[in-house]
Amino acid sequence: MDAGRATRHVHLTATRVSIGSPSSRCLAAAVRVEHIVVVGIDLEREKDPEVLRQAVVLLEAENRRLLARVMELTKALLAAQGKDRIALQVELEGLQAQLEKKNRMLFGQSSERRAGEPTAPSKERKPRTGHGPREQKQLRVVEEPHDIPEADRVCVLCNGALAEMAGQGEESEEIDVIAREFVIKKHVRKKYRCRCGECIETAPLPPRLVPGGRYSLAFAITVAISKYADHLPLERQVRIMQREGLIVGSQTLYDQIEALARVLWPAYDRLGAELLDEPVIHVDETPWPLLGKNASSAKWHAWTVASPKGAYYEIHDTRGLDAGKSLLGGFKGIAVTDGYGVYDALEKRMKDLRIAQCWAHIRRKFVDCESAFPKETEQILGLIRELYAIEDRAPPGPEGNDVRHQLRMTESRCVLARIQAWCLNVVCTPGSTLAGAVDYMSRRWSRATLFLEHPNVPLDNNAAERAIRGVVLGRKNHYGSRSQRGTEVAAVFYSLIESAKLVGIEPAEYLRRAAEAALAGGEPVIPSDLTGAAA
C-alpha cells in the first residue's frame, strides 16, 4: 500500500485527561486539561517540512495549555493544606512530567543524552583528510576512450601530421550512473539428436522461481529489496517501473515476492531455530497493522528475537501470552526485555527461561520525571551512567567476557549497592512520577542485576530496538499488510534482510545465493553461513 506524497496532514486526537481527585475539596469539580496529541509522526526522522511545521504548531499550543495548568495548580498548592496539598502536589508533578516530555518532542532528544548513555554503536570509519572525494572501492571502473578527430590531428605550428603517443594519455574520473533497464530475456535452448534417430536432448533451462513464470528470480529479489530493505510500497514501485518502460501491476509484484518467500521459507525456519539456540537473546515487539477487507479488530504485532547472529520476526494477531509462547517456545536461556509483563508471565511458565531487565528502560523512567525532581534524578542518573562507563572499559563481544566479568564483580556490584541504597533512602510523594520510577526499578531489581553473574548479558535491550527499526520504517511507509499471508511474507523478508545487514552481507546478494541454493535442492542458507566466504 502506498501512502503517496500528494497531501499529508498531521493527524490529531483530542483527549480529555482528568488530573484531579474528585474527593479533593480544592477540586470539587474534577480538574481537567484538554490537550492534542500528534499521532504517527516521528519528529526525529520526519523530513517533510509541512508536516514538521504542523507538528511544531500543535506541540507549542499543547505546551501553552500545560504551562497554564501548571501555574494554576501552583497557585492552588500555595493555599492548600493537608491531604489536599498532597493531592495537588502529585497532580502538579504529573503535569510537569507531561510538559517535559512535550518539550523533548519539540526541541529534540539531544537534551536527554549525557555522557555514558547507551547509543547505537557507530561503524568504524577511517579518518578523512581535507575535503576531497571519498574513495569508492565498491564501484567498478568503466573506461571510455576519447580521441582527436582525424581531421584535427594536425600540428598548429608546422601543419605536420600528429602521431599517437603510445601508452600515454591524460586520465580523469567522474561518477556516472547506468540506468536500470528492464528487458525480455529470450531463452534459446539448443537441441541435439543422435544418428540413431531415437534420442533427442534439449539444453535445460536455468532454475525458475515459478515454473513457466514470466518474471525472473532477479526481478523478484529486486522487488523484495525495494519493499523490505528500502521501504518502497509496491504501488510506488509500479509507478517507478512504468517510467522505466515496464507496465506491471502491484498484485503481480506481490505474487513474485510471495513465490520468493515460499522458496526461502526453510531458511527462515532455520534462522529462527538457530537464534533460539543462542544462550542470550533480545526480544521486543511493535504494532503491525493488518488492513484490507479481511482485517479483524485484533491488534497485530511484529515480535523480534535478536542476537549478534541475526534477527528473526514473527507477526501475530496479539501482544499477549500466546504470541510470546509461540515465539519463545522451547528457548532455554536469558532473554533481555523492556519489562513488558508478558515476558514476566512467560518466565513463570517456562522453567528454562530467565528474564534480564533493560537498564535503558529503567533510566527513561527517571528521565521522564527529571524536571519535577531534578535533584533526586541527578544522583540516580549519574549512578546509571557509571554502570555504562564500566561496561565501556571491556572489549566488545565474547572476547571481552573475562574482563567484563571481573569489572562487574568488582566495580559494577558496588555501583548497584549505591543504587539500591539510594532507592531505600530517597524521599518521594506516594503516587508521584518519581515514586513510580523507583517502584518500577525495585520490582525488577533481581532481573536488573542478572547481568552481574553473566558476562554475555548486556545492560540493555537496545539490540532488539535497533533490529526492529526496519519494521517500523516499513510500517510507516506501506502501513502493514493486506492479508494474513502478507504478514508471513513480511516476516520472512524482514528476518533474512535484517540478519544479512547485521552480519555484514549485502542483502540482495544473500537472497540470490539462498534462493539459488533452494531452487537447486540444497540445504537452507542463512546469512551467517556466508560470513566466512566472500559474498
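Is there a residue being buried (at least 20 other Cβ atoms within 10 Å of the Cβ), under 25 Å from the mean Cα position of the chain (by Cα) and within 25 Å of residue 361 (Cβ to Cβ) anywhere in segment 423-446?
Looking through segment 423-446, none of the residues is buried (at least 20 other Cβ atoms within 10 Å of the Cβ), under 25 Å from the mean Cα position of the chain (by Cα) and within 25 Å of residue 361 (Cβ to Cβ).
Which pairs turn up if I take residues in segment 314-335 that are closer than 23 Å to residue 458 by Cα and look for partners that are surrounded by 17 or more Cβ atoms within 10 Å (Cβ to Cβ) and of a type in the set (Phe, Trp, Tyr) with beta carbon separation below 7 Å, at least 6 apart in sequence or on another chain?
Going by the 7 Å Cβ cut-off, the qualifying pairs are 324/343; 327/303; 335/343.
Give the residue, chosen from 425, 401, that is closer than 25 Å to residue 93 by Cβ, modelled with pLDDT under 95 and not hydrophobic (A, V, I, L, M, F, W, C).
Only one candidate passes the filter, namely 425.
Against the conditions (1) in a loop (DSSP other than H, G, I, E, B); (2) among the hydroxyl-bearing types (Ser, Thr, Tyr); (3) in contact (Cβ under 8 Å) with a residue 24 or more places away in the chain; (4) farther than 21 Å from residue 513 by Cα, where does residue 252 fall short? Just the number, please.
Checking residue 252 against (1) in a loop (DSSP other than H, G, I, E, B); (2) among the hydroxyl-bearing types (Ser, Thr, Tyr); (3) in contact (Cβ under 8 Å) with a residue 24 or more places away in the chain; (4) farther than 21 Å from residue 513 by Cα, the one that fails is (1).
Evaluate segment 277-298: report whether one residue or more is aliphatic (A, V, I, L, M), part of a helix (DSSP H, G or I) and farther than 17 Å from residue 332 by Cα.
So far as segment 277-298 goes, no, none of its residues is aliphatic (A, V, I, L, M), part of a helix (DSSP H, G or I) and farther than 17 Å from residue 332 by Cα.
Quick grid of which residues meet (1) in contact (Cβ under 8 Å) with a residue 60 or more places away in the chain; (2) in contact with a Phe, Trp or Tyr (Cβ under 8 Å, 6 or more places away or on another chain); (3) surrounded by 19 or more Cβ atoms within 10 Å (Cβ to Cβ):
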{"position": "450", "(1), (2), (3)": "yes, no, no"}
{"position": "474", "(1), (2), (3)": "yes, yes, yes"}
{"position": "484", "(1), (2), (3)": "yes, no, no"}
{"position": "490", "(1), (2), (3)": "yes, yes, yes"}
{"position": "510", "(1), (2), (3)": "no, no, yes"}
{"position": "521", "(1), (2), (3)": "no, no, no"}
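Answer yes or no as to whether residue 265 is touching a helix residue (DSSP H, G or I) at 6+ places or on another chain (Cβ under 7 Å), at pLDDT 95 or above and assigned to a strand (DSSP E or B).
Judged against the criteria, residue 265 is not a match.
Taking segment 255-287 as the region of interest, how many residues are of a type in the set (A, V, I, L, M) and over 18 Å from residue 467 (Cβ atoms)?
Within segment 255-287, residues that are of a type in the set (A, V, I, L, M) and over 18 Å from residue 467 (Cβ atoms) number 6.
For segment 163-201, which positions are in contact with a strand residue (DSSP E or B) (Cβ under 7 Å, 6 or more places away or on another chain) and surrounded by 10 or more Cβ atoms within 10 Å (Cβ to Cβ)?
Residues satisfying the conditions are 193, 201.
Among the residues of segment 258-282, which ones are in contact with a Leu (Cβ under 8 Å, 6 or more places away or on another chain) and closer than 30 Å to residue 216 by Cβ?
Of everything in segment 258-282, those that are in contact with a Leu (Cβ under 8 Å, 6 or more places away or on another chain) and closer than 30 Å to residue 216 by Cβ turn out to be 259, 260, 263, 264, 267, 268, 271.
Inside segment 382-497, counting only helices (runs of 4 or more DSSP H) that do not spill past its ends, which hold 1 or more residues that are among the aromatic types (Phe, Trp, Tyr)?
Where helices (runs of 4 or more DSSP H) fall fully within segment 382-497 and carry at least 1 residues being among the aromatic types (Phe, Trp, Tyr), they are 413-425, 433-443, 445-448.
Run down 218, 259 and say which single residue is surrounded by fewer than 22 Cβ atoms within 10 Å (Cβ to Cβ) and either touching a Lys or Arg at 6+ places or on another chain (Cβ under 9 Å) or part of a loop (DSSP other than H, G, I, E, B) (or both).
That would be 218, the only listed residue that is surrounded by fewer than 22 Cβ atoms within 10 Å (Cβ to Cβ) and either touching a Lys or Arg at 6+ places or on another chain (Cβ under 9 Å) or part of a loop (DSSP other than H, G, I, E, B) (or both).
Filter segment 231-249 down to the residues that are in contact (Cβ under 8 Å) with a residue 40 or more places away in the chain and part of a loop (DSSP other than H, G, I, E, B), then identify the one that is nearest to residue 478 (Cα to Cα).
233
May I ask you to say which residue of 499, 528 is within 28 Å of residue 258 (Cβ to Cβ) and touching a strand residue (DSSP E or B) at 6+ places or on another chain (Cβ under 6 Å)?
So the residue among 499, 528 that is within 28 Å of residue 258 (Cβ to Cβ) and touching a strand residue (DSSP E or B) at 6+ places or on another chain (Cβ under 6 Å) is 499.
When segment 269-295 is examined, which residues are found to be touching a strand residue (DSSP E or B) at 6+ places or on another chain (Cβ under 7 Å) and farther than 20 Å from residue 476 by Cβ?
Of everything in segment 269-295, those that are touching a strand residue (DSSP E or B) at 6+ places or on another chain (Cβ under 7 Å) and farther than 20 Å from residue 476 by Cβ turn out to be 271, 272, 275, 276, 278, 279, 280, 281, 282, 283.
When you check residue 377 against the structure, is it at pLDDT below 95, in a helix (DSSP H, G or I) and out of contact with any strand residue (DSSP E or B) (no Cβ under 9 Å at 6 or more places or on another chain), yes or no?
yes
Considering only residues that are closer than 30 Å to residue 133 by Cα and either charged (D, E, K, R) or modelled with pLDDT of 90 or more (or both), which ones fall in segment 151-179?
170, 171, 173, 174, 176
The values are calculated or read from the model by the stated rules, or taken from the named source; none is laboratory data. Just so it is clear, the model here is predicted, and its values are computed rather than measured. Cβ coordinates were reconstructed from backbone atoms using ideal geometry, including for glycine residues, and neighbour counts include every protein chain displayed.
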